[in-house]
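Chemist: Here's a structure for you.
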Amino acid sequence: MRWDKLFDDLESQLENEITADDLEVDAEDERLRLGRLTMRDRIVSLHAGSSEQSPLTLSVVLVTGTRLILRPATIGRDWMSADLCDEGGRPAPCIVPFAALAGISLGAAQITPSLVMMPSSGHPSLSLRLGLSYVLRDLCRRRRSVSLLLIAGEVHGTIDRVGRDHLDIAVHERGAVRRETAVSEYRLVPFSSVALVRP
């Protein structure tokens, strides 16, 4: 009878140790998973949980110190396009490089959904493969006037060409057509200086 009690006690101890080991392994796996999350992953998770009736709205702070209210539309590899919500409630399109984000303010209800890793379909989506340079080249091709909020000020003009890590902008007055006579300067701008692009 005493042997049965001893074996039951040993079995219970072993079961507790195995359960504790499993919990420790699960906790370590979760720490590793969280350690691999990027800011882009968290924005994608929040965006996936939004709908047309309840769109995702983010309060972001740029490296310039500017605080903006954005509704993400498309999320690229290192950028997102969004509707910039101004005081009048009129949305204005913009492009925000992830490197320009100094922070995102989330509510308590957004934290847990932002930590969910979206399943991979095997092939990355087209937007995931497109970098900031692709989007800027498209604006260049269309000859659209843009306003660039830079770390050191703001500039308005037309993008003339886009390199690997920079762009050339012909600076001119807002609303003016890009003509040689209207251009006040040609500026090379590194992508690392771009905080916001507005058409």
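Every read-out reported here was derived from the displayed coordinates using simple, explicitly stated rules and does not represent laboratory data. Model, not experiment: these values are computed from the prediction. Virtual Cβ from ideal backbone geometry, glycine too; neighbours counted across all protein chains shown.
Chemist: As an exercise, use a Förster radius of 35 Å and the Cβ-Cβ distance of Ser59 and Asn16 to find the FRET efficiency, rounded to the nearest 0.05.
Modeler: 0.15
Chemist: Here is a follow-up. Between Ala195 and residues 5 or more places away or on another chain, which pairs have amide H atoms under 5 Å apart, with H built 1.01 Å from N, and which residues are they?
Modeler: Those qualifying (amide H under 5 Å, at least 5 residues apart or on another chain) are Leu149, Leu150, Ile151.
Chemist: If I model a spin label at Thr181 and Arg71 as a point 7 Å from the Cα along the Cα→Cβ vector, what separation in nanometres do I get?
Modeler: In this crude spin-label approximation the distance works out to 4.2 nm.
Chemist: Quick check: residue separation of Ala152 and Asp9 times 0.36 nm, minus the Cα distance between them. What number comes out in nm? Provide the component values of the computation, followed by the final result.
Modeler: On the way: separation 143, 0.36 × 143 = 51.48 nm, distance 6.99 nm.
Gain on stretching Ala152 to Asp9: 44.5 nm.
Chemist: Continuing with this model, one more query. Assuming a ≥ b ≥ c are the square roots of the Cα gyration tensor eigenvalues, decide whether region 51-92 counts as rounded (a/c under 1.5), prolate (otherwise, with a/b larger than b/c) or oblate.
Modeler: oblate
Chemist: Separation between the Asp160 and Thr112 pseudo-spin-labels, each 7 Å from Cα along Cα→Cβ, expressed in nm?
Modeler: 5.5
Chemist: Say R0 is 35 Å: what FRET efficiency, to the nearest 0.05, do Arg36 and Ala102 get from their beta-carbon distance?
Modeler: 0.95
Chemist: Nearest 0.05, what FRET efficiency do Leu128 and Glu24 give at R0 = 45 Å with Cβ-Cβ as r?
Modeler: In this case the efficiency is close to 0.85.
Chemist: Can you find, among Thr112, His156, Val135, the residue sitting farthest towards the positive end of the charge dipole of region 107-188, where Lys and Arg contribute +1 and Asp and Glu -1 at Cβ?
Modeler: Towards the positive end, the residue furthest out is Val135.
Chemist: Classify the chain as rounded, prolate or oblate from the Cα gyration tensor: take a ≥ b ≥ c as the square roots of its eigenvalues, call it rounded if a/c is under 1.5, otherwise prolate when a/b beats b/c and oblate if not.
Modeler: Note, shape of the chain comes out prolate.
Chemist: For the chain, what is the relative contact order in percent, using Cα pairs closer than 8 Å and at least 6 residues apart in sequence?
Modeler: In percent, rounded to a whole number, it is 17.
Chemist: Another question about this same structure. Between the DSSP loop rule and a limit of at most 16 other Cβ atoms within 10 Å, which GluC sites (Glu not before Pro) in region 102-190 are left?
Modeler: Within region 102-190, the qualifying GluC sites (Glu not before Pro) (loop, at most 16 other Cβ atoms within 10 Å) are Glu173, Glu180.
Chemist: Please give me the summed charge of the neighbours of Gly175: other residues whose Cβ is under 14 Å from its Cβ, Lys and Arg +1, Asp and Glu -1.
Modeler: Neighbour charge sum, excluding Gly175 itself: +4.
Chemist: Amide H of Ala73 versus every other amide H placed in the peptide plane: which residues, excluding those fewer than 5 positions away on the same chain, fall under 5 Å?
Modeler: HN-HN under 5 Å from Ala73: Ser81, Ala82, Asp83.
Chemist: Where does helix 39-48 land angle-wise versus the long Cα axis of the chain, in degrees 0 to 90, nearest 10?
Modeler: Result, in degrees: 90.
Chemist: Please give, to one decimal in nm, the separation of the simple spin-label points placed at Arg142 and Glu173, each 7 Å out from Cα toward the Cβ.
Modeler: Taking the two extended label points, one gets 2.5 nm.
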